[in-house]
Amino acid sequence: MLSGFNVILSTISFSIETEEAESLKQQVSFTTTTIPTALLFSGIPFEKACQLRVKGEGGLSAATAGTMVGLSLGEKHFIRGGIAQDLRTDGRKRLTYRPISVETGVIPQANGSARVRMGTTDVIASVKAELGKPDLLQSDKGRVIINVDCSPTAAPIFEGRGGEELSTELSVALQRCLLGSKSGTGAGINRSSLMVVEGKLCWDLYIDGLVVSSDGNLLDALGAAIKAALSNTGIPKVHVATAASADEQPEVDISDEEFLQFDTSGIPVIVTLTKVGRHYIVDATSEEESQMSSAISVSVNRNGHICGLTKRGGAGLDPSVILDMISVSKHVSEQLMNKLDSEISAAEADETES
Amino acid sequence: MEYVSPEGLRLDGRRPMEMRQIRAEIGAVSNADGSAVFEMGNTKVIAAVYGPREVQNRSQQINDQALVRCEYSMANFSTGDRMRKPKGDRRSTEISLVIRQTMEACILTHLMPRSQIDIFVQVLQADGGTRSACINAATLALADAGIPMRDIVTSCSAGFLNSTPLLDLNYVEDSAGGPDVTVGILTKLDKVTLLQMDSKLPMDIFENVMQLAIEGCKAIANYIREVMLENTKELEYRRGI
Amino acid sequence: MRELRDLQLPLNQTQKIRLRRALQQLQDLASKASSSASVTVADTIPVNHEDGVLKGHGTSELDGEVVATLCGVVERVNKLVYVRALRARYKPETGDIIVGRVTEVAQKRWRLEINFSQDAILMLSSMNLPDGIQRRRTAVDELNMRSIFEESDVICAEVRGFQHDGSLHLQARSQKYGKLERGQLLTVPPYLVKRRKQHFHHVEKFAVDLILGCNGFIWVGEHVEARDNMVEDQDNKSEQQNSKLNTRSLRLEEQESTYTPVETRQSICRIANAVRVLSSLGFSLNVEVIMGTVEQSISLNLDIHEMLGAEFCVQIAEREVERRSSLTKKRR
């Protein structure tokens, strides 16, 4: 499924060999699904394809500034050495995650909620469903709005408006990874299931993330929390009064007892690979993040399809390196997906017991 | 609408003088110097204390006292309808100020000159009485951080609906339009540090309602004291000799 | 018993039971050993008023009674009564060995962050100059302060004392103090590090330096011989300057050649993880306990990363129970 991709990237890499690596300082960001958009690319003339590069995003600073740890040169050297020797400061290998613990149902007032802890990073995600009117252009789909907030309890820097930049960056990255393009194709979350009455009534899902404690790798933790919250979500069943004319709002009866479990099999997990020196690591702590030259966050779903991609960091990356990182992240995502699924089901079992 | 049934039960099944179930947990945020989670019924609040540490803004430094700062923020998902702006709106600013003044009165600031104490309160779920829950959580967090205090500050709210004084209003009862009295006391010294009321109330009934709220505060103080004592004992025996 | 300050580790049922039992045994041992009086804020401290008691830290007077202002344990020394707080910021005492991080290079001094309510000050005059000569610090020395310590550097120093204006001063005149490189810095609550005679530990078996700062900053790093600055000539100096980690100008290959060797790094990570496990369980830290934990992890053939897992954590708790019970038996 990456074949259409490879054609384009090989042509791009051809042009890059003739340029200085420095000019690649711009950021590359593009959303893909499987074949349809790849074919779309192949139709574009080569010059236009190169212009796809020029879609800038916020740089390295936003993601790490909030939790920037001042490190001495000696410590930085030690961290880099550890990553090069496959032995990080807490003994992990490069592709090992910290212990992940998941709790569901932490916010009883919401339709679904979850709290995910990866080491010291602690995030809460909640899902609220409200009835609303669908977009005119996408009348058969519901709406999903993702928003992230950084609580000042995580770090004093997030006080007042200090955490705004980081919150915006995380919200946009999550939207890109989980919601697909503007036309609605290729979304990780199936929005058609949110429709109630076509053209008139649909569910608006408000997904809110809150960072309670921050120690690096916020995007992965938020992605996992959203996945867990969605599997915990119950959308109330709606009975629509059948005798409704075309222009009136139909009467609805929202059931308090019956709930539909949201289908989460298609929701991707987000894997962030941080490049330090020559090697990539997964699940970086905030100390390691301050050392990164660039990072790629890839969201991969159960079928191994890529649902979204973001590159952060000011350093340029050779396209072959990007491809390598994507394949590594696909491999890591399988383990992460399995781990998350088992944790989520354990958490839901705990919740029903208590 | 009937908030107190003829049998004397409220909407959630409580008696008029009955408080909601409280639960406290110390040490929720590992990065902070002190932190606590406080729940009153469905209201859930996290407080984190950073300090005493060096003043970040040199111009605000006070030479003989510690500078106490506080910020109150509500999560987007905390209320029934989603909030647009989690912080910076007037209610949040006012509550931040209230918490700061209450805690500043009980912290012995002269013992830590030229330093700064930050109290951050985050509301996870709001179901009435958020102000009180925040103050209780802040007290626990400050004790966890080892900051010397004059006394334990606790807070509770009470109201008056259907001619009955009610203790610890939840959101539905709070939005009924009746009076809402929030009281904060220094338990050992038996002094009132915070007193706020909305709406109208005759003077003699006010005294009853305020007394009821003070009783609620004392009950919370007993619980908080137990939690702190158990926490201290546990830390001590774990540390060993 | 509620899981206060839970370990953020996914424990299964048996592990939870074992941990609870171990903690219960620790509690029994502690209550047998000494009856320590724990108090919370605004508790009255029972005092014999006729003796003329001295009120120390953490206490205040209210209506003729001595009242605690902190949550902690009451200590009595002769006529002095004070409350020792547990989870609080570091309380400096003269002569303490501390590890700090430079936050600012100011006029003739460095400001260090040491987990105290203010930043500590290290004067240029309290620091040995690189050429070792004892002389007056000139303006040139002041301009070259950054060549000695920069922002974010990790430094080991000793507490000199409080000045009359209330600021804390440090000194780093001996060979064993100075910049710490090639290792990692860990933060634990200061109450877990007790004041002992020795805070510098050179673990010969692993060629690792372990410095237990009284302020809760713990340094684990490669062993560095304390250089004698007096015996320096020009050749040595240029060699040392080359080998300094001036990584900005070094290329990637040159950097790689200066990385810590793998075996030493493994030892460093093991010791660091041992400190992390012990501090998350709340056990007090000293060299014997830390090295015992490291030995146990090696004998169990655990991956370094698994030391932070649930199983090892429970085993360490059980081991601590045995250690403390054997200590109390020895005392009797």
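Here, each number is a calculation from the coordinates, and none is a lab measurement. Since the model is a prediction, treat every value here as computed from it, not as a measurement. Heads up, the Cβs are rebuilt from the backbone with ideal geometry, glycines too, and the neighbour counts pull from every protein chain shown.
Among C:GLN15, C:GLN134, C:GLN315, which one moves the most in a GNM of chain C with springs linking Cα atoms closer than 10 Å?
C:GLN134
Evaluate the relative contact order of region C:34-85 (contact order divided by residue number), counting alpha-carbon pairs under 8 angstrom at least 6 apart; express in whole percent. List each step's numbers first, then the result.
Working: 103 pairs, mean separation 21.1, N = 52.
Relative contact order for region C:34-85 comes out at 41 percent.
Divide by every residue of chain C the summed helix terms, -39500 (n - 2.57) for each DSSP H run of at least 4, and state the resulting mean residue ellipticity at 222 nm, rounded to the nearest 500 deg cm²/dmol. Could the numbers behind the result be given before it?
Working: 8 runs with 101 residues, N = 332.
Helices in chain C give a 222 nm mean residue ellipticity of -9500 deg cm²/dmol.
Could you check the simple spin-label distance between C:VAL262 and C:VAL287, using points 7 Å along Cα→Cβ, in nm with one decimal?
Output for this residue pair reads 3.0 nm.
C:ASP51 label point, 7 Å along Cα→Cβ, cut-off 20 Å on backbone N: hits in region C:82-116?
Of the residues in region C:82-116, C:82-85 have backbone N under 20 Å from the label point off C:ASP51.
What per residue convex hull volume, in Å³, do the alpha-carbon atoms of region C:34-85 yield?
Numbers: hull volume 3.6 nm³, N = 52.
For region C:34-85, the hull spanned by Cα atoms encloses 70 Å³ per residue.
How high is the relative contact order of region B:22-239? Use alpha-carbon pairs under 8 Å, at least six apart in sequence, and give a whole percent. List each step's numbers first, then the result.
Working: 478 pairs, mean separation 45.3, N = 218.
In percent, rounded to a whole number, it is 21.
Need one value for C:262-270: mean number of C-beta atoms belonging to other chains within 10 Å of its residues' C-beta atoms.
Details: counts 5, 0, 0, 8, 3, 0, 5, 7, 1.
Averaged over the peptide's residues, the number is 3.
Could you grab the Rg to Rh ratio for chain C? Cα atoms only, Kirkwood for Rh.
Reported Rg/Rh (Cα atoms, Kirkwood Rh): 1.02.
Using R₀ = 35 Å, calculate the FRET efficiency as 1/(1 + (r/R₀)^6) where r is the Cβ-Cβ separation of B:LYS191 and C:ILE298; round to 0.05. Intermediate results must be reported in sequence, preceding the final value.
Numbers: r = 59 Å, r/R0 = 1.68.
For R0 = 35 Å, the calculated efficiency reads 0.05.
Could you put B:TYR237, B:TYR72 in order, starting from the residue whose Cβ has the fewest other Cβ atoms within 10 Å?
Numbers: B:TYR237 22, B:TYR72 27.
Starting with the residue having the fewest Cβ neighbours, the order is B:TYR237, B:TYR72.
Taking Rh as the Kirkwood radius computed over C-alpha pairs, what is the Stokes-Einstein D of region B:22-239 at 25 °C in a medium of viscosity 0.890 mPa s, expressed in µm² per second?
Numbers: Rh = 17.8 Å.
Rounded to a whole number, D works out at 138 µm²/s.
Compute the angle between helix B:130-144 and the longest alpha-carbon principal axis of chain B, please, reported from 0 to 90 degrees and rounded to the nearest 10.
Computed tilt is about 30 degrees.
As I understand it, the value is the acute angle between the Cα axis of helix B:203-239 and the longest principal axis of the Cα atoms of chain B; what does it come to in degrees, rounded to 10?
The angle comes out near 40 degrees.
Viscosity 1.567 mPa s, temperature 4 °C: what is the translational diffusion coefficient of region C:88-180 from Stokes-Einstein with a Kirkwood Rh over Cα pairs, rounded to a whole number of µm²/s?
Result for D is 97 µm²/s.
Would you kindly derive the ³J(HN,Hα) couplings of region A:266-282 from the backbone phi angles with the Karplus curve 6.51 cos²θ - 1.76 cosθ + 1.60 (θ = phi - 60°), listing them in order in whole Hz, with x for Gly and Pro?
These are the phi-based 3J(HN,Hα) values: x, 7, x, 9, 9, 10, 9, 10, 9, 9, 10, x, 9, 10, 10, 10, 10 Hz.
What's the FRET efficiency of A:GLU351 with C:PHE162 using the Cβ-Cβ distance as r and R₀ = 35 Å, to the nearest 0.05?
Numbers: r = 53 Å, r/R0 = 1.51.
That pair, A:GLU351 with C:PHE162, gives E of 0.10.
With the contact rule set at Cα under 8 Å and sequence spacing of 6 or more, what percent relative contact order holds for chain C? Mind dumping the intermediate values first?
On the way: 497 pairs, mean separation 49.3, N = 332.
Relative contact order, chain C: 15 percent.
In whole Hz, what ³J(HN,Hα) sequence does region C:46-60 give by Karplus (6.51, -1.76, 1.60; θ = phi - 60°), x for Gly and Pro?
3J(HN,Hα) across region C:46-60, in whole Hz: x, 9, 8, 5, 5, 6, x, 7, 9, 8, x, 4, x, 10, 8.
Between C:SER31 and A:LEU260, what is the spin-label point distance in nm, taking each point 7 Å from the Cα along the Cα→C-beta axis?
It is 5.6 nm.
If you fit an axis through the alpha-carbon atoms of helix B:90-106 and take the longest principal axis of the Cα set of chain B, what angle between them do you get, 0 to 90°, nearest 10?
It is inclined by approximately 60 degrees.
Work out the FRET efficiency for C:PHE200 and B:THR93 from their Cβ-Cβ distance, taking R0 = 60 Å, and round it to the nearest 0.05. Numbers along the way, then the final one.
Details: r = 50 Å, r/R0 = 0.84.
Using R0 = 60 Å, I get an efficiency of 0.75.
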